[in-house]
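Novice: Structure below; questions to follow.
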Amino acid sequence: MRTKLRWATTLSTGLVALSLVLSSCGGQPAAKTGGNGTTTTQPQGGPTITTAFTSNIETLDPAKWTDMTSMYPMEMIYDTLVTYDPAQGSKIVPDVATWDVTPDGLKYTFHIKPGIKFSNGDPLDAYAVKYSLDRVTSKSPIGGGGAPYGFAYSAIQGYKEWNSSGQKASPDGKGGLAGVKVIDPQTLEIDLSTPQAFFLNTLALMSAAIVDPKVAEQYGKDFSTHAVGSGPFKLDSWQQGLQMTLVPNPNYWGPNKPKVAKLVLKENVSDTLQLLQFRQGELDFVGGPLTTAEYAQVLSDPKLKNDYFKVGGNIIYYLAFNTTKPPFNNPLVRQAVNYAIDKQQIIQNITNGRGQVMSQPLPPGIPGYDPSLQPYPYDPAKAKQLLQQAGVKLPLKVTMIYPSNTQDHIRTAQMVQQQLQQIGIDVSLQGISQVGTYWPTEDDPTKPWEIAWTDWFQDYPDAQDFLYNLLSKDAFNSTNVGNWTDPTFEQLVTKADSLPASQQEQRVQLFQQAEKIAHDQASWVFLYYGWYDALIQPWLRPDPHDPAGLGVYLHPVSTPRFNMMSVQK
Amino acid sequence: MIQYILRRLVWTVVTIAAIIAVTFLVTYAIPSDPARVIAGPHATPETLASIRAALGLDKPLLLRLVLYFGQVLHGDLGYDWVMQQPVLSMILQALPATVYLAVAAVACELLIAIPIGVVAAVRRNSWIDQVTRTASLVGVALPVYWVGSLLLLYLGFYAGLFPLGGFSAPGVVLPALSVGLTGAAVYVRILRSSMLEVMRLDYVRTARAKGLAERIVIWRHIFRNALIPVVTYLGMDLGYLLGGLVVTEYVFSWPGLGLLLNHAIGNVDGALIMGLTMFSASAIVVMNLVVDIVYAFLDPRISYA
């Protein structure tokens, strides 16, 4: 998943910088807030958590879902078969079902916990799960081409036939994916056509959220605005583009029942306003990643500093090379660029120190990361020598594309340009607009560029989401933007992906071998690992100085679980 | 008169059609793939192809333009690419907020501009005139997002007098004021020069010679007749503001057409960009038409023969 960075942040960064300057010479805000910034208004039945986004909540329909913002409410409205362990982010644990799997990794049997109901009282059973999976893998009736994440379930037997049939999912358990069978209302069997170690991860994605078949059938394309699930909250009201209100689901079965009366999600609130509103106590939670200008404000304000949390996320920032033509089809030239860029300086200057120099495609939190691989050190002399060895004529003229919609991106690109200038590479910068979650020019098969600034954050915490999605042949001209490839790497990753989850140790070994190849071949310029950050009001946590005691479970893809937050109000 | 209005109406339709054609061609000239916008970065080529087919993107551009005209004539602006909602209903939903803000903004502009403009003209070359002329020059030059941010920070955050953005009745004050402060300058300059011109005319001298009170001369004889260029500009201004206060609405998170357009551009959401551009262009064209007709009432000498 590409990080959804914010349109018009260039503008807002300027505004934040301005307000920073002004606030540093101003006094304290007027009333409305207490000393610790808590809101003074309390609705009946407990406090309200209010958060805000710079963009729209695009959908609540798992079959239309692609974006991060929508995950905030969706995680609260829906349950999935399995989920992530609150204590250890990347471990899969039962949600509505426990499971058995055969040693070959081909047959999963899910035992759905009895008595689970949707928020409207309808029962959640194996039929509902099958319907939800059939619906998200069907080509009809949502959108032109089926669900964006339907492909994630292509390992299930009969996926191709069902997807190409163009038929609609049926709530009676008939038809649909041949590999998904209702044994009885509490038992569901899923047969895979090939073992897939990360299969359970795909079942924890929001595309596998379990919807109420009755309601989904009733509203069809408009299900998004009438969404019904079995999660801790339910949809109360939604003025699209403005705000959504969730209230606790009275039928919620899980152990972590919401401790608040309402969850308000405000849409389209600019970064600047979010910070002001947080400082005034109107917002209780501001999700990151914060821009450098915002973070600078956090550092200079004692209240914000106290409310700031680093919340993981496994984000990678890198430069992809266009390996389809010289000079970057030559590993020596790619290595030279890796040596020529001072990543630590970028981390210091661009992110205010919120990053770690990257050594390989996988971030440290993902099994398969090899701690013995060292980052390319900053060594311009070595870079020059490698360029000479590769027979590159200097000065070398190249074009670098980057999304020019934030000040941080622009400054990163300029810094790379300056550093490459030192070794005789003239970079002409071409800013491009970011479209939602991707950059159109990246996908252009004609690749009118040599270097592309890009980033990625995990869909799920498995090496497959990085190594296969970003560096395999199947992802050419899409998520493998530079079309880098290596036959051994490809073999290793394909093999690791087709092993059952029970052979995780062997997978990790294969991934580590693949990592070494990508590192040595300099598949990219490895810039830095980043993370998400958040601002959380003190009343939402027991001890402001103990992130471990936050009581805020953050999903591996970094959406907060508001039902798990401790409330002291 | 009626013939004139009919002629203008025909030209209005032609202008809007031309705007649609140009916007359509420009929007689709952007190297972006709507199918990707809809399906996200993971989408398979088959998914992309079927979305393209469903949206008719596999047809030649000119044919699509003709089909789009057909749609528009039926009042159908299509579905937006990201949210997959009818564009027309999205526009209609956002419209009231923009109308509310635009009217409040124009009111602010006039409330600020009229007294200043009149005083500047009447006390021509006095220190008041010099100060207001300089101030209006500064006003024209001030970016609205800067003024907006200052107002938010001082009147909203520190003083706590107004809400920090968002849609509400008191929430309109700061965005309207920031448009008012920056936009009033233009009105001041127009009104001042127009009044100075009128002041030189014979009938003003006659009015004074008749012994009318200066107040009556200024407000009834000079001001009213000096209003024509102000009304012209007001029409254009209102049309422009209705088209979306893109920056202002962004700064204040005001859920109108401007914020919608911000969003549409960010996502290169062609259907929504088309709809919004068409709407704002039409607003300007229609307001111009209205202004021309209103002239007749303000100044009976204008002939429509």
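The values are calculated or read from the model by the stated rules, or taken from the named source; none is laboratory data. Fair warning: this is a prediction, and the values are worked out from it, not measured in the lab. Note that each Cβ is placed from the backbone with ideal geometry, even for glycine, and that neighbours are counted across all protein chains shown. What goes into the accessible areas is simple: the full protein's heavy atoms, side chains included, and nothing from ligands, DNA or RNA. Shrake-Rupley method; radii C 1.70, N 1.55, O 1.52, S 1.80 Å.
Novice: Here is a list: B:Val186, B:Val144, B:Val119. Which entry is within 14 Å of chain A (Cβ to nearest Cβ), in contact (Cβ under 8 Å) with a residue 12 or more places away in the chain and open to solvent by 10 Å² or more (accessible area, probe 1.4 Å)?
Specialist: Values: B:Val186 fails: within 14 Å of chain A (Cβ to nearest Cβ); B:Val119 fails: within 14 Å of chain A (Cβ to nearest Cβ).
Among B:Val186, B:Val144, B:Val119, only B:Val144 is within 14 Å of chain A (Cβ to nearest Cβ), in contact (Cβ under 8 Å) with a residue 12 or more places away in the chain and open to solvent by 10 Å² or more (accessible area, probe 1.4 Å).
Novice: Answer yes or no: is there a residue in the stretch A:75-84 that is surrounded by fewer than 21 Cβ atoms within 10 Å (Cβ to Cβ) and in contact with a helix residue (DSSP H, G or I) (Cβ under 7 Å, 6 or more places away or on another chain).
Specialist: No, there is no match, as no residue in the stretch A:75-84 is surrounded by fewer than 21 Cβ atoms within 10 Å (Cβ to Cβ) and in contact with a helix residue (DSSP H, G or I) (Cβ under 7 Å, 6 or more places away or on another chain).
Novice: Residues being open to solvent by 10 Å² or more (accessible area, probe 1.4 Å) and among the hydrophobic types (A, V, I, L, M, F, W, C): count how many of those fall in the stretch A:62-74.
Specialist: Filtering the stretch A:62-74 for residues open to solvent by 10 Å² or more (accessible area, probe 1.4 Å) gives A:64, A:66, A:68-69, A:72.
Next, from what is left, pick out any that are among the hydrophobic types (A, V, I, L, M, F, W, C): A:68.
Matching residues across the stretch A:62-74 total 1.
Novice: Going through the stretch B:65-77 one residue at a time, which ones are over 24 Å from the mean Cα position of the chain (by Cα), open to solvent by less than 50 Å² (accessible area, probe 1.4 Å) and not aliphatic (A, V, I, L, M)?
Specialist: Selection gives B:Tyr68, B:Gly70.
Novice: Step by step: first the residues of the stretch A:389-428, then only those that are touching a Phe, Trp or Tyr at 6+ places or on another chain (Cβ under 9 Å) and part of a strand (DSSP E or B), then the one that is farthest from A:Asp271 (Cα to Cα). Which residue is that?
Specialist: Here the residue is A:Val398.
The rows are residues; the columns are (1) within 13 Å of another protein chain (Cβ to nearest Cβ); (2) crowded, with 19+ Cβ neighbours inside 10 Å; (3) not β-branched (Val, Ile, Thr).
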{"site": "A:Val136", "(1), (2), (3)": "yes, yes, no"}
{"site": "A:Asn163", "(1), (2), (3)": "yes, yes, yes"}
{"site": "A:Gly179", "(1), (2), (3)": "no, yes, yes"}
{"site": "A:Pro185", "(1), (2), (3)": "no, no, yes"}
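Novice: Tell me yes or no: at least one residue of the stretch A:355-363 is at pLDDT below 95, of a type outside the set (Gly, Ala, Ser) and crowded, with 19+ Cβ neighbours inside 10 Å.
Specialist: Taking the stretch A:355-363 first, the residues at pLDDT below 95 are A:355-356, A:363.
Now drop any that are not of a type outside the set (Gly, Ala, Ser), which leaves A:356, A:363.
Checking which are crowded, with 19+ Cβ neighbours inside 10 Å leaves us with A:363.
Yes, the stretch A:355-363 has at least one match.
Novice: Just checking: which of the helices (runs of 4 or more DSSP H) contained wholly in the stretch B:1-109 hold 3 or more residues that are within 14 Å of another protein chain (Cβ to nearest Cβ)? Don't jump to the end; show me each part of the working.
Specialist: Details: elements: B:2-29, B:34-39, B:45-55, B:61-73.
Those helices (runs of 4 or more DSSP H) span B:2-29, B:34-39, B:45-55.
Novice: Does the stretch A:41-49 contain at least one residue that is hydroxyl-bearing (Ser, Thr, Tyr), within 24 Å of A:Pro258 (Cβ to Cβ), at pLDDT 75 or above and open to solvent by less than 20 Å² (accessible area, probe 1.4 Å)?
Specialist: So in the stretch A:41-49, the residues hydroxyl-bearing (Ser, Thr, Tyr) come out as A:41, A:48.
From what is left, the residues that are within 24 Å of A:Pro258 (Cβ to Cβ) are A:41, A:48.
Keeping just the survivors that are at pLDDT 75 or above gives A:48.
Among the residues that remain, those that are also open to solvent by less than 20 Å² (accessible area, probe 1.4 Å) are: none.
No: the stretch A:41-49 contains no residue that is hydroxyl-bearing (Ser, Thr, Tyr), within 24 Å of A:Pro258 (Cβ to Cβ), at pLDDT 75 or above and open to solvent by less than 20 Å² (accessible area, probe 1.4 Å).
Novice: Mind listing whichever residues of the stretch A:302-321 are free of Cβ contacts under 8 Å to residues at least 60 places away in the same chain and among the basic types (Lys, Arg)?
Specialist: The one that is free of Cβ contacts under 8 Å to residues at least 60 places away in the same chain and among the basic types (Lys, Arg): A:Lys305.
Novice: Report the residue count in the stretch B:122-141 for those that are in a loop (DSSP other than H, G, I, E, B) and open to solvent by 60 Å² or more (accessible area, probe 1.4 Å). Spell out how you get there, then give the answer.
Specialist: Taking the stretch B:122-141 first, the residues in a loop (DSSP other than H, G, I, E, B) are B:123-126.
Remaining after also requiring open to solvent by 60 Å² or more (accessible area, probe 1.4 Å): B:123-125.
Residues in the stretch B:122-141 being in a loop (DSSP other than H, G, I, E, B) and open to solvent by 60 Å² or more (accessible area, probe 1.4 Å): 3 in total.
Novice: Sort out which residues of the stretch A:341-354 are more than 30 Å from A:Lys91 (Cα to Cα), crowded, with 19+ Cβ neighbours inside 10 Å and modelled with pLDDT under 90, and write them in order of number. Let's see the steps before the verdict.
Specialist: So in the stretch A:341-354, the residues more than 30 Å from A:Lys91 (Cα to Cα) come out as A:341-346, A:348-350, A:352.
Subset that is crowded, with 19+ Cβ neighbours inside 10 Å: A:341-343, A:346, A:350.
Hit for the stretch A:341-354 is A:Ile350, nothing else.
Novice: Can you tell me which residue is modelled with the lowest pLDDT among those in the stretch B:28-45 that are surrounded by fewer than 19 Cβ atoms within 10 Å (Cβ to Cβ) and out of contact with any Lys or Arg (no Cβ under 9 Å at 6 or more places or on another chain)?
Specialist: Checked the stretch B:28-45; the qualifying residue modelled with the lowest pLDDT is B:Pro31.
Novice: Checking A:Gly173 against (1) within 30 Å of A:Leu499 (Cα to Cα); (2) modelled with pLDDT of 95 or more, which test does it fail?
Specialist: It fails just one condition, (2).
Novice: Let me ask something else. Regarding A:Tyr339, is this residue part of a helix (DSSP H, G or I), touching a Phe, Trp or Tyr at 6+ places or on another chain (Cβ under 6 Å) and not hydrophobic (A, V, I, L, M, F, W, C)? Give the derivation first.
Specialist: Values: part of a helix (DSSP H, G or I): yes; touching a Phe, Trp or Tyr at 6+ places or on another chain (Cβ under 6 Å): yes; not hydrophobic (A, V, I, L, M, F, W, C): yes.
Yes; evaluated as a whole, the condition is true for this residue.
Novice: Looking at A:Val298, A:Val392, can you tell me which residue is of a type in the set (A, V, I, L, M) and in the same structural domain as A:Thr406 (by TED's automatic domain parsing)?
Specialist: On the way: A:Val298 fails: in the same structural domain as A:Thr406 (by TED's automatic domain parsing).
Answer to the selection: A:Val392.
Novice: Mind checking which pairs have a first residue in the stretch A:372-398 that is of a type in the set (A, V, I, L, M, F, W, C) and a second that is open to solvent by 50 Å² or more (accessible area, probe 1.4 Å), Cβ under 7 Å, 6 or more apart or different chains?
Specialist: A:Leu373/A:Lys516; A:Leu387/A:Leu394
Novice: With the structure loaded, tell me whether B:Leu151 is aliphatic (A, V, I, L, M), at pLDDT 90 or above, under 25 Å from the mean Cα position of the chain (by Cα) and open to solvent by 30 Å² or more (accessible area, probe 1.4 Å) or whether it fails that test. Steps first, please.
Specialist: Working: aliphatic (A, V, I, L, M): yes; at pLDDT 90 or above: yes; under 25 Å from the mean Cα position of the chain (by Cα): yes; open to solvent by 30 Å² or more (accessible area, probe 1.4 Å): no.
When the stated conditions are applied, B:Leu151 does not pass them.
Novice: Something else about it: May I ask you to list the residues in the stretch A:415-437 that are more than 22 Å from A:Thr351 (Cβ to Cβ) and at pLDDT below 75?
Specialist: Passing the criteria: A:Ser433, A:Val435, A:Gly436.
Novice: For the stretch A:299-338, which positions are under 30 Å from A:Lys397 (Cα atoms) and of a type in the set (Ser, Thr, Tyr)?
Specialist: The answer is A:Tyr317, A:Tyr318, A:Thr323, A:Thr324.
Novice: Mind telling me which of the residues A:Val247, A:Val269 ends up being under 23 Å from A:Pro86 (Cα atoms) and β-branched (Val, Ile, Thr)? Walk me through it before giving the result.
Specialist: Details: A:Val269 fails: under 23 Å from A:Pro86 (Cα atoms).
From the options A:Val247, A:Val269, the qualifying one is A:Val247.
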